[in-house]
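S.K.: Provided herewith is a single structure, encoded as structure tokens, for subsequent inquiry.
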Amino acid sequence: MSRRYIVIGAGAVGATIAAELHLAGIGVVVVARGANLAALRAHGLRYIRPPATEGGPADSRRLDLAVASGPDEVELRSGDVLVLATKSQDSEALLATWAWQPVDGGRTTAAETLPVVLLQNGLENARTALRRFAVVVDAMVLSPSSHLRPAEVISPAAPLVAGFLLGRAPGGGVGDPVVEQIAADLRRGASAVRIVDDIGRWKAGKLLGNLAYNLDALYPPSPRRDVASAELVAEARRAFDAAGIDIADLRQDGGFDVSELVIHDVPGFPRQGSSTWQSLARGGSVESDFLNGEIVLLARLHGLSAPVNAGVQRRIAVAARLGTPPGGLGDADLGELLAASRGPGRSGAARQPGGEVLVDAKALYDELTSVAPPLLLDVRWALGDPHGHDHYREGHLPGAVYVDLDTELAAAPGGTAGRHPLPELADLQRAARSWGLTAGRPVVVYDDNGGLSAARAWWLLRWAGVADVRILDGALGAWRDAGLPVETGEIIGLPGDIVLEPGHLPVLDADAAAAVAREGILLDARAPERYRGEVEPVDPRAGHIPGAVSASTGDNLDDAGRFRPAAELRARFLALGASATGGTAAPAPIGVYCGSGVTASHEIAALAVAGFDAALFPGSWSAWSSDPARPVATGPR
């Protein structure tokens, strides 16, 4: 029975090898998925090669390959060779799926009978394959092909298209009949091939070069990028030494003759970046967990750290999730990465934790791929709308965790405690840890209503000692207006370790609120008609605390739902009676209340932007109006 290659993965490497085997008259089945599968079935593979003659057009041809979506569409038989040409993050699931498929009608299985060839970077794939397959042929691959559009591959090298070192995993290969036959077929398919007995050494050596793939994808070329690349390799060598892993030096040990693997210009198809660059450009997932992450793992297993590799690993993963284009991070971020690797307190970041109240959408987007990304808290809540969690699931900032204002940012309502009493500290700490809040991590809160509910989380966390908490200015609308990506579904935060401590912001009870109304300025943040007592939709009595000044929270925002500039807010509060700081006299105290202590937090945030400190009356009107002994005023002041 004739030999046939089942190429699992029709990306740059897989499609190139499949195309050349097909052109050599060797049987091939390509396994693809999604848009790539649909395009291959509809139109075949567009295989683009350098011009046949100097100055001519690109050699573009359509190849009608046998295509399948998975093992259910392939009847495996003796003599088949499985070729895994996907990214490493997909290996476990695919190997598990194919391993126990029947061969020759069910007399045996793929794992027992068929060899699997691994055309991937990193060290983990061989281990994953050997868990199931009896015959594993590992490969070190050199391929300049690129794949950016469905069913299209550009292969710019000629006359050979790729180079391979092949070996049996975990060792052996020279003289092995299976490896020798695969090598012969790849040579027929326009590839340079050498068989080695120590393929693991070569894969480790290749990994040193792979580590820079993510830098190529994230940052434009620069001297600082070169420094970062050297740091990645230095960390890797220390980790390999600690793990006792021997590394082949690709520059000195030699591999195979690549004199005929010459990269040419292909008219109309300029050379693209690394495989990770291509993954970002396509909007696909990246294999950083098995490149830089492999070094991080080895280092941790042997009592070391690899902070530059860890930083790059996280950055590329977040960039892929956020849809960051190739080269989307700048040199300043590289500086933060390198500085952070040399110890705490040296990142060079200009922002002082706790010194800001607001953050712009685009600035936040940049921070999400920085050395210290903030924890994002989605606080959707509105009076009369109990579906905040549903709104969150329908679309939220990437990585944001949902926070329930009624149950996590407040204790149970009741009587003179008000509708949203402050939660017990132990309950708040438990909730904050469930969101993933760790000591020292910055926090950004947002909602879809100008920050009116998110400010409750801002105030409460700062009251509990979390210094670096900011509000997304303009809320979810500003993020969408900036064209930034959102996610659907649910994010469950990794457990945090934050220890909270109350009392970092001032609080008023009812008696203190009455005193501030007499001796300073007590701002009522509700709508003017509720202040005047004309309407009262939820609380027992209509009106306001005697001596309070109407200062509707809505007036802190402009027409786009963003906070007004600091100068405008300062002028507003000065006009309402706030005292300017400076001079010998202490400014008059400022207190704020609203219906239940939620939008009053927003007013305190606006006062902070304007340069004023203020105290919150958490019980607010819901608590005051529930106490028959408390007087009520109505009408304008």
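The values are calculated or read from the model by the stated rules, or taken from the named source; none is laboratory data. The structure displayed is predicted, hence computed values, not measured ones. Ideal geometry is used to build each Cβ from the backbone, glycine not excepted, and the neighbour counts take in all protein chains shown.
S.K.: Confirm whether VAL178 is crowded, with 20+ Cβ neighbours inside 10 Å and over 31 Å from the mean Cα position of the chain (by Cα). Reasoning before the result, please.
M.R.: Working: crowded, with 20+ Cβ neighbours inside 10 Å: no; over 31 Å from the mean Cα position of the chain (by Cα): yes.
Answer is no for this residue.
S.K.: Something else: Being under 30 Å from ALA400 (Cα atoms), in contact with a Gly (Cβ under 6 Å, 6 or more places away or on another chain), surrounded by 17 or more Cβ atoms within 10 Å (Cβ to Cβ) and not hydroxyl-bearing (Ser, Thr, Tyr) narrows it down to one residue among ARG564, ARG526, ARG532; which is it? Break it down stepwise before answering.
M.R.: Values: ARG564 fails: in contact with a Gly (Cβ under 6 Å, 6 or more places away or on another chain); ARG532 fails: under 30 Å from ALA400 (Cα atoms).
Exactly one residue qualifies, and that residue is ARG526.
S.K.: When you go through ALA571, ALA578, ALA606 one by one, which is the residue that is part of a helix (DSSP H, G or I) and more than 15 Å from TRP458 (Cβ to Cβ)?
M.R.: ALA571
S.K.: From GLN89, GLN120, which residue is modelled with pLDDT under 95, assigned by TED's automatic domain parsing to the domain that holds SER146 and under 23 Å from GLN181 (Cβ atoms)? Walk me through it before giving the result.
M.R.: Values: GLN89 fails: under 23 Å from GLN181 (Cβ atoms).
Of the residues listed, the single one that is modelled with pLDDT under 95, assigned by TED's automatic domain parsing to the domain that holds SER146 and under 23 Å from GLN181 (Cβ atoms) is GLN120.
S.K.: Given the condition modelled with pLDDT under 90 and surrounded by fewer than 16 Cβ atoms within 10 Å (Cβ to Cβ), answer yes or no: does some residue in the stretch 287-304 qualify?
M.R.: no
S.K.: Kindly establish whether ALA439 is surrounded by fewer than 24 Cβ atoms within 10 Å (Cβ to Cβ), at negative phi and free of Cβ contacts under 8 Å to residues at least 60 places away in the same chain. Give the derivation first.
M.R.: Numbers: surrounded by fewer than 24 Cβ atoms within 10 Å (Cβ to Cβ): yes; at negative phi: yes; free of Cβ contacts under 8 Å to residues at least 60 places away in the same chain: no.
When the stated conditions are applied, ALA439 does not pass them.
S.K.: Let me ask you something else. Mind counting the residues in the stretch 326-371 that are at pLDDT 70 or above and either hydrophobic (A, V, I, L, M, F, W, C) or in contact with a strand residue (DSSP E or B) (Cβ under 6 Å, 6 or more places away or on another chain) (or both)?
M.R.: Quick first cut of the stretch 326-371, residues at pLDDT 70 or above only: 326-339, 356-369.
Okay, now just the ones that are also either hydrophobic (A, V, I, L, M, F, W, C) or in contact with a strand residue (DSSP E or B) (Cβ under 6 Å, 6 or more places away or on another chain) (or both), so 329, 332, 334, 337-339, 356-359, 361, 363-364, 368.
Number satisfying all stated conditions: 14.
S.K.: Of the residues ASP555, ASP559, ASP539, which single one is surrounded by fewer than 23 Cβ atoms within 10 Å (Cβ to Cβ), among the charged types (D, E, K, R) and outside any loop (DSSP other than H, G, I, E, B)?
M.R.: The conditions single out ASP555.
S.K.: For the stretch 611-626, which positions are crowded, with 24+ Cβ neighbours inside 10 Å and under 14 Å from ALA525 (Cα atoms)?
M.R.: Hits for the stretch 611-626 are ALA614, LEU616, PHE617, PRO618, GLY619, SER620, TRP621, SER622.
S.K.: Of all residues in the stretch 155-183, which are part of a strand (DSSP E or B) and in contact with a helix residue (DSSP H, G or I) (Cβ under 8 Å, 6 or more places away or on another chain)? It would help to see each step written out before you state the result.
M.R.: Kept after step one, since they are part of a strand (DSSP E or B), are these residues of the stretch 155-183: 157-159, 162-168.
Once the filter is applied, which keeps residues that are part of a strand (DSSP E or B) and in contact with a helix residue (DSSP H, G or I) (Cβ under 8 Å, 6 or more places away or on another chain), the stretch 155-183 yields ALA162, PHE164, LEU165, LEU166, GLY167, ARG168.
Matching residues to (1) in contact with a strand residue (DSSP E or B) (Cβ under 6 Å, 6 or more places away or on another chain); (2) buried (at least 20 other Cβ atoms within 10 Å of the Cβ); (3) not charged (D, E, K, R):
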| residue | (1), (2), (3) |
| --- | --- |
| LEU207 | no, yes, yes |
| ALA212 | no, yes, yes |
| LEU215 | no, yes, yes |
| VAL227 | no, no, yes |
| GLU235 | no, yes, no |
| ILE247 | no, no, yes |
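S.K.: Which of the numbered conditions does ARG33 fail, given that it passes all the others? Conditions: (1) crowded, with 22+ Cβ neighbours inside 10 Å; (2) within 36 Å of the chain's Cα centre (by Cα).
M.R.: (1)
S.K.: Let me ask something else. For the stretch 261-316: of the residues being among the charged types (D, E, K, R) and in a helix (DSSP H, G or I), which is nearest to ALA12 (Cα to Cα)?
M.R.: Looking at residues that are among the charged types (D, E, K, R) and in a helix (DSSP H, G or I), I get ARG282.
S.K.: Every residue in the stretch 518-536 that is free of Cβ contacts under 8 Å to residues at least 40 places away in the same chain and under 26 Å from GLY477 (Cβ atoms), please.
M.R.: Within the stretch 518-536, ALA527, PRO528, GLU529 meet the criteria.
S.K.: So in the stretch 137-153, with the set limited to residues that are crowded, with 24+ Cβ neighbours inside 10 Å and over 16 Å from LEU21 (Cα atoms), which one is farthest from the chain's Cα centre (by Cα)?
M.R.: VAL137
S.K.: Kindly provide the set of residues from the stretch 46-70 that are under 30 Å from GLN101 (Cβ atoms), of a type in the set (A, V, I, L, M, F, W, C) and not in a loop (DSSP other than H, G, I, E, B), ordered by number.
M.R.: LEU63, ALA66, VAL67, ALA68
S.K.: Report, ordered by the first and then the second residue, all pairs with beta carbons closer than 9 Å, sequence separation of six or more or different chains, a first member in the stretch 107-122 that is without any contact (Cβ under 8 Å) to a residue 24 or more places away in the chain and assigned to a strand (DSSP E or B), and a second member that is crowded, with 21+ Cβ neighbours inside 10 Å and of a type in the set (Val, Ile, Thr).
M.R.: As it stands, the answer is none, since no pair meets every condition given.
S.K.: Can you list residue pairs whose Cβ atoms sit under 8 Å apart, with the first residue in the stretch 192-209 being over 26 Å from GLU20 (Cβ atoms) and the second being aromatic (Phe, Trp, Tyr) and in a helix (DSSP H, G or I)? Count only pairs 6 or more apart in sequence or on different chains.
M.R.: Short answer, once both residue conditions are applied: ALA204/PHE240.
S.K.: Regarding the stretch 475-497, can at least one residue be identified that is surrounded by 22 or more Cβ atoms within 10 Å (Cβ to Cβ), in a loop (DSSP other than H, G, I, E, B) and modelled with pLDDT of 95 or more?
M.R.: Within the stretch 475-497, not a single residue is surrounded by 22 or more Cβ atoms within 10 Å (Cβ to Cβ), in a loop (DSSP other than H, G, I, E, B) and modelled with pLDDT of 95 or more.
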